[in-house]
């Protein structure tokens, strides 16, 4: 992934996902006044900012796990094919 694409993903997370996460963690209720804002519990605010980042980490780890599985499957299939080739090479095609 190129650097401009990573920047675009970061902007998309900031513009789209964090407000959705804040709406979820704040239960759809935005503070109306400054006093209400400062009196609010900071935990939902932190959760709203950290939740999208946690989701990015989870999705990235699942993607890397899937890539690891696919790579190991391709390697095992290659070794399996190589074993069949050695068998035909050493013992002949009809054995």
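Ordering of 23-31, 64-72, 44-52 by packing is 44-52, 23-31, 64-72, highest average first (other Cβ atoms within 10 Å, averaged per residue). Legend: translational diffusion of region 1-64 by Stokes-Einstein, Rh = Kirkwood radius over C-alpha pairs, 10 °C, 1.306 mPa s; D = 121 µm²/s. By how many degrees, between 0 and 90 and to the nearest 10, does the Cα long axis of helix 43-91 differ from the longest principal axis of the chain? The two axes meet at around 0 degrees. Note on the chain: GNM, Cα springs under 10 Å; of 76, 57, 17, the largest mean-square fluctuation is that of 76.
Relative to the longest principal Cα axis of the chain, at what angle does helix 3-12 sit, 0 to 90 degrees, rounded to 10? It is inclined by approximately 40 degrees.
Bear in mind that the values in this text are calculations on the coordinates, not laboratory data. Fair warning: this is a prediction, and the values are worked out from it, not measured in the lab. Every residue, glycine as well, gets a Cβ built from its backbone with ideal geometry; the counts of neighbours run over all protein chains shown.
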